[in-house]
Amino acid sequence: MTAPLQDPSAALQACASYNPAVHLINADLHCHSTRSDGTLAPQALASRAKAGGVDLWALTDHDELGGQAAAAQAARDLGLSWLSGVEISVTFAGETVHIVGLGFDIDDPALVEGLARTRAGRLQRARDMAEGLARVGITGAFDGAQRYVGNPGLVSRTHFARWLVETGVCSDTGAVFRRYLTPGKPGYVDHRWAGLGDAVRWITGAGGIAVIAHPGRYRFTPTEEYALFSEFKAHGGEGVEVMTGSHVLGDARKYADMATEFDLLASRGSDFHSPGESRTDLGALPGLPDALRPVWEALAHRVQHPAP
Ligand code: AMP
Ligand code: MN
Ligand code: MN
Ligand code: MN
């Protein structure tokens, strides 16, 4: 685990030139609240981040900024440094890719509008998913999933997964995804999310930095993956997650190399969703390799620091 610094604000402010101390900041820049598919409210997440030794925190709900003000306030109250965050659903080469945005203006009209459009199809998709499940004998899934939804505009596969565990169809959410909610399975519905260029421009247009989330999770061929990284850069994307709860050690090594090859900033985030479900807790990941430049160094001017 990364050793927390006594004074992360001072280290961030001092990092205009290369500063190894920036690597020792325990930054966790990816997690989810009840505003999307997490089970903790923003305040409870902030407390858990604090307890986990996090110095610099971002809440990155799927396609949604409704938790940002509460996250900023909780961070202030707890003495955490904070960056705004979001995780945007994108369709690229027929696959869903997630783009994390960090350090943007949460009131930017084009970003707010773009996210509203990205969320818009989720309700119909949920109805279609329930129909697919009904065809294999699982009835009532739409209403069942709704019981887990914390934000009516943001129903996700995760809410279906929790209900399917509750009803005993599967023993854990991972099994639900494997059997019912991934491509080719009865509850999976193809969906068209935002375009890669749109998502990157919404984030950069709002003053933030766009980051490719958990690249090790996508099932791309090497050619498709190269295209993702090249096009992401061409659109103005600047970062990639290297240390994430979704990567095994081999992924972290591979994407550390890709960060160097594509001259990208590196990010670190647990992707924490829920105490009972998430493998990696807030603040618990290893630090970034020294050779990479942390994304939070480039975002020092966007950090909300705790009161001294
Ligand atoms: P959605 O945006 O509705 O497609 O839901 C995507 C979310 O489902 C991700 O952010 C994860 O939280 C969750 N998810 C995706 N794949 C899996 C998996 N194999 N096991 C557990 N959760 C998953
Ligand atoms: Mn999720
Ligand atoms: Mn994701
Ligand atoms: Mn996530």
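A few remarks follow.
- For region 150-166, a tally of residues being open to solvent by 30 Å² or more (accessible area, probe 1.4 Å) and either in contact with a His (Cβ under 6 Å, 6 or more places away or on another chain) or without any contact (Cβ under 8 Å) to a residue 24 or more places away in the chain (or both) returns 3.
- Test: residue in region 286-301 that is more than 16 Å from N19 (Cβ to Cβ), open to solvent by less than 20 Å² (accessible area, probe 1.4 Å) and assigned to a loop (DSSP other than H, G, I, E, B): no
- Residue match in region 198-208 (condition: touching a residue at least 24 places away in the same chain (Cβ under 8 Å), touching an Asp or Glu at 6+ places or on another chain (Cβ under 7 Å), in a helix (DSSP H, G or I) and not assigned by TED's automatic domain parsing to the domain that holds D172): yes
- Of the residues D63, D128, D77, D37, the single one that is within 30 Å of P308 (Cβ to Cβ) and either within 16 Å of ligand 2 (Cβ to nearest atom) or among the acidic types (D, E) (or both) is D77.
- Subset of region 81-118 (residues that are crowded, with 19+ Cβ neighbours inside 10 Å, assigned to a helix (DSSP H, G or I) and not hydrophobic (A, V, I, L, M, F, W, C)): G114, T118
- Residue within region 236-252 that is part of a helix (DSSP H, G or I), touching a Phe, Trp or Tyr at 6+ places or on another chain (Cβ under 8 Å) and either within 25 Å of N26 (Cβ to Cβ) or not assigned by TED's automatic domain parsing to the domain that holds D143 (or both) present: no
- Counting the residues of region 228-285 that are open to solvent by less than 20 Å² (accessible area, probe 1.4 Å), small (G, A, S) and closer than 30 Å to R162 by Cβ gives 7.
- Test: residue in region 73-80 that is part of a loop (DSSP other than H, G, I, E, B), within 17 Å of H30 (Cα to Cα) and within 15 Å of the chain's Cα centre (by Cα): no
- Of everything listed in (1) under 23 Å from L292 (Cβ atoms); (2) open to solvent by less than 10 Å² (accessible area, probe 1.4 Å); (3) away from ligand 4 (no atom under 16 Å from the Cβ); (4) at pLDDT 90 or above, the single unmet condition for C15 is (4).
- Test: residue in region 124-146 that is within 16 Å of ligand 3 (Cβ to nearest atom) and surrounded by 15 or more Cβ atoms within 10 Å (Cβ to Cβ): no
- Pairing residues of region 44-60 that are in the same structural domain as D281 (by TED's automatic domain parsing) with residues that are at pLDDT 95 or above and β-branched (V, I, T), at Cβ distances under 6 Å and at least 6 apart in sequence or on separate chains, gives D55/I25; L56/I25; T60/V86; T60/V100.
- Hits in region 52-69 (condition: within 18 Å of L111 (Cβ to Cβ) and among the aliphatic types (A, V, I, L, M)): A58, L59, L65, A69
- Answer residue from region 58-72, given it is open to solvent by 10 Å² or more (accessible area, probe 1.4 Å) and within 16 Å of ligand 3 (Cβ to nearest atom) and is nearest to the chain's Cα centre (by Cα) among those: H62
- T244 vs. criteria under 18 Å from the mean Cα position of the chain (by Cα) and within 16 Å of ligand 1 (Cβ to nearest atom): yes
- Considering only residues in region 256-270 that are of a type in the set (G, A, S) and not in a helix (DSSP H, G or I), the one that is farthest from ligand 4 (Cβ to nearest atom) turns out to be A266.
The values are calculated or read from the model by the stated rules, or taken from the named source; none is laboratory data. In this text the structure is predicted, and so the values were computed from the model without any measurement. So basically every Cβ, Gly included, is an ideal-geometry build from the backbone, and we count neighbours across all protein chains shown. Protein only, heavy atoms only, side chains kept; ligands, DNA and RNA dropped before computing areas. Shrake-Rupley method; radii C 1.70, N 1.55, O 1.52, S 1.80 Å.
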